[in-house]
Amino acid sequence: MDLGVKGKVALITGGSKGIGFATALELAKEGARVAICARTEADLQRAAAEIQSAAHGDVFYVPADVRQADDCARVVQAVFHHYGRLDILINNAGTSNARPFTEVGEETWRDDIDLKVFAAIHCSKAAVPLMRQNGGGSIVNVTAIGGKAPSASSVPTSVSRAAGLALTKAMSKDLGPDGIRVNAVCIGLVRSHQIEKMAARTYPDLAWETYARLPEHGVPLGRIGDTEEAARVIAFLASDAASYVSGTAVNIDGGKAAVL
């Protein structure tokens, strides 16, 4: 399928590793011009080199901490200066921070909300005027399944993710008249560095392929998802192939969650 992103410019936050990197690579393979940002320049250099090698496209990177509003604005302007436009924004930066409610201090709450909510707000506010100049655009907020179905010992991350879902719906209503679509994905058990570390700690003698298919994960499809599988869904939502999809949140969890 031709996603219709050839020549378009996509910015992916948290784009040096994991789902963000895989999404940037997927969009680059489809012909998009991609920009990635993250806090560590060495990781960005490595990621950009890998994307260029695999996709033979232009890759631009900007070191930034998207918890800072000024950095969000700086990144978006740097991308616009480099490419002359911005069509797609993937608000992907985030990490899992799940503990019992009584064990979470105020600083942890603030840091999590800054990273997962305010980063999306500030990056989107900077991007929207540029998308309006193009007659439209697409924003995808990467959240987690816990935002729909919080479990015990899941704060602050489940609360931040729930806020991201509400933000997605509200933005889609406000920005739809400008031709800007806003969607979200809710990530479940998908391969990541964090899950790989947990697997090595819990089952040090198991290969990943065996660990991913353990029945204890409770995934109806029988396995932990691959990073690339999440990236393909995100790329689809960001693309013209999803031109009439806005204000929705797609679960990427192998059917595990008890919510639609």
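The values are calculated or read from the model by the stated rules, or taken from the named source; none is laboratory data. Note that the structure is predicted; figures quoted are calculated from it, not measured. Neighbour counts run over all protein chains shown; Cβ positions are idealised from the backbone, glycine included.
Summary table below
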{"read-out": "Selection count, region 96-112, where residues are in a helix (DSSP H, G or I) and within 29 Å of VAL62 (Cβ to Cβ)", "value": "6"}
{"read-out": "The listed residue being closer than 19 Å to SER243 by Cα and crowded, with 18+ Cβ neighbours inside 10 Å, out of ASN141, ASN134", "value": "ASN141"}
{"read-out": "Flag if SER192 is modelled with pLDDT under 95 and buried (at least 17 other Cβ atoms within 10 Å of the Cβ)", "value": "yes"}
{"read-out": "Meets criteria (outside the structural domain of THR95 (by TED's automatic domain parsing), exposed (fewer than 14 other Cβ atoms within 10 Å of the Cβ) and either at pLDDT below 95 or assigned to a loop (DSSP other than H, G, I, E, B) (or both)) for LYS256", "value": "no"}
{"read-out": "Condition check for THR102: assigned by TED's automatic domain parsing to the domain that holds VAL182, without any contact (Cβ under 8 Å) to a residue 24 or more places away in the chain and hydroxyl-bearing (Ser, Thr, Tyr)", "value": "yes"}
{"read-out": "Wholly enclosed helices (runs of 4 or more DSSP H) of region 145-222 bearing at least 1 residues assigned by TED's automatic domain parsing to the domain that holds ILE90 and either touching a strand residue (DSSP E or B) at 6+ places or on another chain (Cβ under 6 Å) or over 30 Å from ILE121 (Cα atoms) (or both)", "value": "157-175"}
